[in-house]
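The values are calculated or read from the model by the stated rules, or taken from the named source; none is laboratory data. Here the structure is a predicted model, which means the values were calculated and not measured. To get the accessible areas, we keep the full protein, side chains included, count just its heavy atoms, and leave off ligands, DNA and RNA. Shrake-Rupley method; radii C 1.70, N 1.55, O 1.52, S 1.80 Å.
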Amino acid sequence: VADLSDEDCFAIVEQLNNARPLITDEKEQHSLAQLNLRAARQAWISSVWSAAADYSDMGISLLPANHWQSDYDTSQELYTLKAECEYLTGNHELSDEYYEYLFQHLKEDLVRADICATRLVQAIGHGDWARGMAFGIQGMDFLGLGLPEESVLDEALAQEKSRLMAQTNDGVID
């Protein structure tokens, strides 16, 4: 499987996905989930978001009930790709649902912070600055980099303004 070309991978995955109802063995389903993950990655790299979302969805459907315990990495990657691709295809509400589900199962704060960074960019790109800032703050919290209190920020701003005023000849700041 590792030595398949991308074109062969897509062709094989399409054929196997069409035969999905006939694949009942758990090991075969896991192999097909892995192939769908590979196809989803390649489609994502090629900016074919809807195909990547479809491959991710098929991969997710092939995972066993205990997939977060039995294959955490594959689960994480499939759900992350699905959430990102749903956003990129304009399905923002569905994307939010996948992100929320994903967050319930993530183990590492660094991964949570990375997803917050992605969501920040998505929200700002959609013009929702307040939501983007909320994701940024949440991501910083996951990294242990919380923002200082507002009074500390106000004091720092006042000190910087005073310093700049002292540097100007007439005390006017543009």
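Here are the numbers for the structure shown:
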item	result
Qualifying lysines (Cα of each under 20 Å from Cα of K107; at least 8 residues distant if same chain)	K82
Using alpha-carbon coordinates, inclination of helix 72-88 to the longest axis of the chain, degrees	70
Whole-number percent relative contact order across the chain, with pairs defined as alpha carbons under 8 Å at least 6 apart	12
Fraction of accessible area attributable to carbon and sulfur, the chain (%, probe 1.4 Å)	54
Under 22 Å from K27, Cα to Cα: lysines that are on another chain or at least 8 residues apart	none
Helix axis angle, 92-105 relative to the chain longest principal axis, alpha carbon, degrees	90
Rounded if a/c under 1.5, otherwise prolate or oblate - the chain, Cα gyration tensor axes	prolate
Cα-based Rg of segment 25-76 normalised by 2.2 N^0.38 Å, two decimals	1.09
Segment 99-141, relative contact order in percent, only Cα pairs under 8 angstrom and at least six apart counted	37
Fluctuation leader among L164, L106, L88 - the chain, Gaussian network, Cα springs under 10 angstrom	L164
Whole-number percent relative contact order across segment 25-77, with pairs defined as alpha carbons under 8 Å at least 6 apart	38
Segment 113-174: C-alpha gyration tensor shape, a/c 1.5 cut-off, then a/b vs b/c	prolate
Within the chain, helix-based [θ] at 222 nm, where runs of 4 or more DSSP H residues each add -39,500 (n - 2.57), nearest 500	-24500 deg cm²/dmol
For segment 16-134: accessible area per residue (Å², 1.4 Å)	53
